[in-house]
1. Could we say that B:Glu273 is in a helix (DSSP H, G or I), modelled with pLDDT under 95 and either more than 16 Å from B:Ala122 (Cα to Cα) or not small (Gly, Ala, Ser) (or both) here?
2. Looking at region B:192-266, what strands (runs of 3 or more DSSP E) fall wholly within it and have at least 2 residues that are open to solvent by 10 Å² or more (accessible area, probe 1.4 Å)?
3. Within region A:91-106, does at least one residue satisfy the condition of being closer than 18 Å to A:His47 by Cβ, within 16 Å of ligand 2 (Cβ to nearest atom) and touching a Cys at 6+ places or on another chain (Cβ under 9 Å)?
4. For region A:197-214, name all the residues that are within 11 Å of another protein chain (Cβ to nearest Cβ), assigned to a loop (DSSP other than H, G, I, E, B), out of contact with any strand residue (DSSP E or B) (no Cβ under 7 Å at 6 or more places or on another chain) and open to solvent by 40 Å² or more (accessible area, probe 1.4 Å).
5. Show the residue pairs that are 6+ apart or on different chains and have beta-carbon atoms under 9 Å apart, the first residue being within region A:114-126 and more than 20 Å from B:Ala296 (Cα to Cα) and more than 16 Å from ligand 1 (Cβ to nearest atom), the second being β-branched (Val, Ile, Thr) and open to solvent by 30 Å² or more (accessible area, probe 1.4 Å).
6. Could you tell me which residue of region A:23-55 is farthest from ligand 1 (Cβ to nearest atom), considering only residues that are charged (D, E, K, R) and out of contact with any Gly (no Cβ under 6 Å at 6 or more places or on another chain)?
7. Could you tell me whether A:Val37 is part of a strand (DSSP E or B) and either hydroxyl-bearing (Ser, Thr, Tyr) or away from ligand 2 (no atom under 16 Å from the Cβ) (or both)?
8. Looking only at residues in region B:123-139 that are open to solvent by 30 Å² or more (accessible area, probe 1.4 Å) and either part of a loop (DSSP other than H, G, I, E, B) or out of contact with any Ser or Thr (no Cβ under 8 Å at 6 or more places or on another chain) (or both), which one is nearest to the other protein chains (Cβ to nearest Cβ)?
Amino acid sequence: MAHLKPVPDPTPPPEGGDRPSIEQLQRDATVLRINCVRMLAVAKSGHLDSSLSSADIVAALYYRVLRHDPKNPRWPERDRFVLSKGHAAPIQYAALAEHGYFPHKDLMGLRSIGSHLQGHPDMNRTPGIEVSTGSLGQGLSMSVGICLALRLDGLADTAHTFCLMSDGDCQEGESWEGAAAAAHYEIPNITAIVDYNHLQTDGTTEEVMDTGDVRAKFEAFGWDSVEIDGHDMNQVVEALERSRTLDKPAAIVAQTKKGRGVSLMEGRFGFHGKPPTPEQADQALDELEATLAEQTSSLEAAGS
Amino acid sequence: MAPEAKTEPTATRQAYGQALVDLGEAHEEVVALDADLAVSTQSMKFGKEYPDRFFNCGAAEAGMMSMACGLAATGKVPYASTFAIFATSRAYDQVRLGIAHNELKVRIGASHGGVSLGEDGASHQMIEDIALMRAMPKMQVVVPADYNQAYRAVIESYEGNDGPMYMRFGRPNTPIVYDDIPETLGSGVDVLREGKDISIFVCGHMVWRALEAAKTLEEEDGIEAEVVNVAIIKPLAGEAVLESLAKTGLAVTAEEHRVVGGLADAVREVAAEQHPVPVFAVGMGDEFGVSGTAEACMEHFGLTASGIIDRAREALVNKPIVSHPPIKRAGW
Ligand SMILES: Cc1ncc(C[n+]2csc(CCOP(=O)(O)OP(=O)(O)O)c2C)c(N)n1
Ligand SMILES: [Mg+2]
């Protein structure tokens with residue numbers, strides 16, 4: 001079975017400190033996606049399409065935007081990443097493992113007794129997790145709290161907090177309490193990214209509980225608010241990097257597709273919280289590995 | 001409607017879905033709400049049959065409970081469902097003031113209770129809901145043992161009194177304890193197996209395990225354990241608990257829940273005041289859940305037949321030689 005083969009190497013770390021290019025980030029996102037499929041194929045449990053939806057955003061953050069040090073996960077000046085949509089834990093675990101926060105082989109223990117990789121992120125078990133999440137709606141207020149503490153510590157100009165949210169997060173009232181608090185306390189070092197894939201557990205967001213114009217809602221709460229294509233790496237990086245230069249809270253509403261990169265589930269209802277069958281995993285890996293091969297060869301061509 | 005009893009292991013949440021549809025057919029004022037977990041809680045079944053009377057609130061549990069309050073205050077009988085964790089801890093204030101304080105006929109269908117929810121882990125495993133709901137004034141607490149009893153519990157929840165009610169259901173398929181759909185839950189305290197040496201008070205997913213434990217205790221230790229299924233934890237039929245305690249003079253409780261505030265304490269309250277005998281508990285200590293398969297999680301926390309057996313043996317060693325007659329007290 002393809003999902004038991006070794007995981008391909010991510011883009012090697014840049015020499016001379018150059019930040020990875022857009023093309024490299026695209027390839028990194030594919031590596032993260034492959035990790036997610038493998039993890040879930042082994043765990044036979046978890047949220048694959050939710051993780052794939054966030055892969056480009058998470059790759060842009062971990063490989064380029066975040067100032068972090070895998071050797072010193074508690075470095076006080078680091079940027080913070082809060083996964084408010086905690087059920088997408090596999091994508092964060094993949095990014096953490098690829099950066100050496102913990103051994104890569106740990107990924108295969110996902111969701112099993114004795115593994116530190118819980119179904120939802122747990123700050124007391126897994127290095128690199130800032131706060132435990134899993135109950136939708138809490139991440140944004142937690143991020144506001146982090147930013148208030150950073151301000152007290154004189155780090156507001158240095159350390160930025162990025163909070164990744166979902167449709168479901170935007171339905172929870174608490175998210176809007178957090179949005180109000182960030183504006184009220186004039187927090188400049190917070191970015192909320194909404195992985196707006198229009199699908200949730202029971203159907204499309206429009207059917208279940210329409211969240212409407214999320215960009216305009218954040219704006220009405222006093223945030224800088226933009227909408228982007230959450231799978232266009234140029235737009236993702238540009239929006240994230242711009243957000244940290246602003247002097248007010250910044251929202252990025254990323255239009256995404258659930259299951260992105262795996263055609264059998266991309267944009268389709270019916271896969272939430274369902275692990276791939278072995279056949280689906282193999283099909284997904286064939287597709288992602290073909291994508292990876294293409295990305296690798298075009299990177300090599302550009303490099304030569 | 002002719003309810004169909006199950007014989008194969010079935011999840012109690014499926015009984016919730018089926019009974020809800022049957023109630024919906026019989027009673028126009030029955031409405032259902034969910035918070036983006038309708039497929040999991042099974043309330044989607046009702047939603048498909050009666051789309052006009054079904055309200056999906058999205059991931060917004062607090063608002064859902066207040067909406068249920070409004071619906072009940074305006075003459076409907078709302079069944080509001082989500083995972084036990086979100087129904088209680090997320091929406092506690094809304095349930096407390098909007099539903100319990102107003103003594104409204106709202107039925108909370110809380111699925112995925114306990115650690116047998118499995119892989120999602122600590123963030124989703126609700127292990128103190130019975131305690132929270134038991135402590136809440138006016139709230140009734142029902143924890144059925146299997147599909148067949150759960151079906152009856154939901155049907156009776158409509159026919160019963162007008163106060164608020166919390167019902168806990170489970171995620172995994174669970175062995176059947178009741179051969180048929182019982183006529184009634186009765187007092188909610190049901191002796192499933194008679195015995196004279198020790199009482200095992202048990203609820204929910206632990207009931208079939210307690211029956212296995214009792215069998216082993218008989219075969220290996222020659223001990224006659226009495227297995228008492230407590231499906232209605234509040235209001236507790238104290239007389240029935242007392243009757244068993246008086247007979248055996250010793251008890252073990254078993255629940256997929258913290259030992260604090262749950263079935264253990266409910267039984268201990270009766271025992272301490274009226275018939276002080278040792279009551280040992282099987283349940284979760286001062287700890288959160290963990291990710292794993294349902295069975296692995298149950299084993300991890302000793303929520304198994306052998307966990308009950310170990311505790312029963314420990315209790316039997318400590319059984320007082322002299323037993324005092326119970327103190328009679330009127331009213332519970
Ligand atoms: C407070 C709360 N309610 C319910 C859930 C159960 N739940 C997990 S994911 C999810 C919705 C998934 O859809 P979405 O939020 O859009 O995330 P996506 O996977 O699409 O990114 C729900 C309701 C939860 N985790 N937290
Ligand atoms: Mg979504």
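1. yes
2. Ranges flagged: B:232-234.
3. First, pick out the residues of region A:91-106 that are closer than 18 Å to A:His47 by Cβ: A:91-97.
Still in the list and also within 16 Å of ligand 2 (Cβ to nearest atom): A:91.
Subsequent filtering for residues that are touching a Cys at 6+ places or on another chain (Cβ under 9 Å) retains A:91.
Looking through region A:91-106, at least one residue is closer than 18 Å to A:His47 by Cβ, within 16 Å of ligand 2 (Cβ to nearest atom) and touching a Cys at 6+ places or on another chain (Cβ under 9 Å).
4. A:Asp210
5. Going by the 9 Å Cβ cut-off, the qualifying pairs are A:Met123/A:Val131.
6. Here the residue is A:Glu23.
7. Against the criterion (part of a strand (DSSP E or B) and either hydroxyl-bearing (Ser, Thr, Tyr) or away from ligand 2 (no atom under 16 Å from the Cβ) (or both)), A:Val37 does not qualify.
8. Result: B:Ser123.
The values are calculated or read from the model by the stated rules, or taken from the named source; none is laboratory data. The model shown is predicted, which means the values in this text are computed figures rather than measured ones. Ideal geometry is used to build each Cβ from the backbone, glycine not excepted, and the neighbour counts take in all protein chains shown. The accessibility values were calculated without ligands, DNA or RNA, using every heavy atom of the protein model including side chains. Shrake-Rupley method; radii C 1.70, N 1.55, O 1.52, S 1.80 Å.
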